[in-house]
Structure formats: C-alpha cells, structure tokens
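In what follows, a single structure is set out as structure tokens and then discussed.
Every read-out reported here was derived from the displayed coordinates using simple, explicitly stated rules and does not represent laboratory data. Treat the numbers as computed from the prediction; the structure is a model and nothing was measured. So basically every Cβ, Gly included, is an ideal-geometry build from the backbone, and we count neighbours across all protein chains shown.
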Amino acid sequence: SQQGEEDPQALSIQEGENATMNCSYKTSINNLQWYRQNSGRGLVHLILIRSNEREKHSGRLRVTLDTSKKSSSLLITASRAADTASYFCATDGAAGNKLTFGGGTRVLVKP
Amino acid sequence: EPEVTQTPSHQVTQMGQEVILRCVPISNHLYFYWYRQILGQKVEFLVSFYNNEISEKSEIFDDQFSVERPDGSNFTLKIRSTKLEDSAMYFCASSPDRGDQPQHFGDGTRLSIL
C-alpha cells in the first residue's frame, strides 16, 4: 500500500527562517495534499497539488511535486511562531478519495 | 467559514460498551469520511461515504464499526463493542465532491476506552 513518509520528523528554526520538509510515497497518485495540525486540533488543509503539476504556491507556502521520484516538498518562507505545528502530507490514490497520511514533521518556530 | 463539527470532544467508555461519535459535515458537501489517529501514530483512513452508502472502507473498519447519515446534517460512527485498542482520536471530514478536492476536518473526538 502507498505511504507518505515525511522527513525530517522534527524541525526547530528561528522566526524569519525558512522551513523545508519532504514527503515520499510509493504508488501512483491523483494528487498530494499538505495539512497542518496544531496540538489537540484537527487537520487544516494547506495546499493540494495535482499529479500533473510540478509546483504550486499559496501565500508563504511553496509545494513541489516530482512524480518520477515519488516525492514532494513543502517550503514555508519567513516562518512565524504561529507556524509551530505538525505538518502532514497525504496522498489521494487512483482508486478514489481515501487519503493516506505520512507520519508528519513537527515544526517548532522559536520567537 | 463553514466548518466540520464533532461531538463530543472527549468520550470515555468502558470496554465492551457501544459508542457513537457524531459529526456535522459542511452543508453542501457530498462526501464524508472517518479517520482515526492512535496516539503517536499516523492518521489512518477508516471509511468514506457517499450517496447514503459506504464507498470505500479500510481493513480497520470491521463488523464492529458502522456509519450512518440519519438525517440531512449528521454523520455518525458507531463502534458496537469497544476494545482497548479503539482508543484514539477520531476525525470526521467532508469534501464537496470526489476528485481533486481538499478534505475539511473537524477537531476530532478523543475516545478513551477503559
């Protein structure tokens, strides 16, 4: 079965720095999505990138997708303390809308 | 902005008891989902629901689990006879349609089985 695996598992940066995290998966996808989860809260959708797209931007977020390497990256530019959260990639496979999540990257942004 | 709401936020139940977790998806959404997250582990898909029937389910979603849309707004997950290993955060989600659509998640119900 397909799996999203994030790397690194944890990241600690200073406010204003950029944060980059990566995700790898194993099987064909329709799209790949990134979600944020604050402690004790639900998952908040950040960005969706389709299998035929290579890069997408949304505000301070930049996502890339390399289907030949089965990998994606999420870049958060000019990080803020409020960006402190866990970030998950999730793949939507060819069979339908079931999302398969990775283990997440815990990001700590120090003020 | 419309949101998915889940109740209760925390449910404590004795092993072997039945539990019903409730969700109100976003009103114009057509697809509904349940996921769970055992402490320290990945978020796992349980079931998707469309047009009043299950469209896909995982191996976790065995005969002890059922879902229902009893009226035009609620979407419920029932666990018939709870086990210790059912302790987890349960998330409900909805999406407008299938295809390249983001899923909108509720804040979850923390289920603790004693």
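At-a-glance table
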item	result
Selected residue (criterion: nearest to the chain's Cα centre (by Cα)) from residues of the range B:92-114 that are within 10 Å of another protein chain (Cβ to nearest Cβ) and buried (at least 22 other Cβ atoms within 10 Å of the Cβ)	B:Cys92
Selection from the range B:47-72 of residues that are more than 11 Å from the chain's Cα centre (by Cα) and in a strand (DSSP E or B)	B:Tyr50, B:Glu53, B:Ile54, B:Ser55, B:Glu56, B:Lys57
Pair list, Cβ under 9 Å, 6 or more apart: the range A:54-79 residue closer than 11 Å to A:Cys23 by Cβ and free of Cβ contacts under 8 Å to residues at least 40 places away in the same chain, other residue in a strand (DSSP E or B) and of a type in the set (D, E, K, R)	A:Val63/A:Glu55; A:Val63/A:Lys56; A:Thr64/A:Glu55; A:Thr64/A:Lys56; A:Leu65/A:Arg50; A:Leu65/A:Glu55; A:Leu65/A:Lys56
Residue that is surrounded by 21 or more Cβ atoms within 10 Å (Cβ to Cβ), touching a residue at least 60 places away in the same chain (Cβ under 8 Å) and of a type in the set (Val, Ile, Thr), where the choices are B:Val19, B:Val43, B:Val4, B:Val12	B:Val4
Flag for B:Ser27 being of a type in the set (Gly, Ala, Ser) and either crowded, with 16+ Cβ neighbours inside 10 Å or in contact with an Asp or Glu (Cβ under 8 Å, 6 or more places away or on another chain) (or both)	no
Test: B:Gln37 is in contact (Cβ under 8 Å) with a residue 12 or more places away in the chain and at the interface with another protein chain (Cβ under 10 Å from one of its Cβ atoms)	yes
Identity of the residue in the range A:3-23, in a loop (DSSP other than H, G, I, E, B) and small (Gly, Ala, Ser), that ends up nearest to the other protein chains (Cβ to nearest Cβ)	A:Gly4
Residue, farthest from B:Tyr90 (Cα to Cα), within the range A:24-71, restricted to residues that are part of a loop (DSSP other than H, G, I, E, B) and among the polar types (S, T, N, Q)	A:Ser68
Extreme residue, surrounded by the fewest Cβ atoms within 10 Å (Cβ to Cβ), among residues of the range B:56-91 that are touching a Gly at 6+ places or on another chain (Cβ under 7 Å) and within 11 Å of chain A (Cβ to nearest Cβ)	B:Glu56
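Results for (1) of a type in the set (Asp, Glu); (2) out of contact with any Gly (no Cβ under 8 Å at 6 or more places or on another chain); (3) within 13 Å of A:Gly104 (Cβ to Cβ), shown as yes or no for each residue.
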position	(1), (2), (3)
A:Gln9	no, no, yes
A:Glu15	yes, yes, no
A:Lys26	no, yes, no
A:Asn30	no, no, no
A:Leu43	no, yes, yes
A:Ser51	no, yes, no
A:Arg60	no, yes, no
A:Val63	no, yes, no
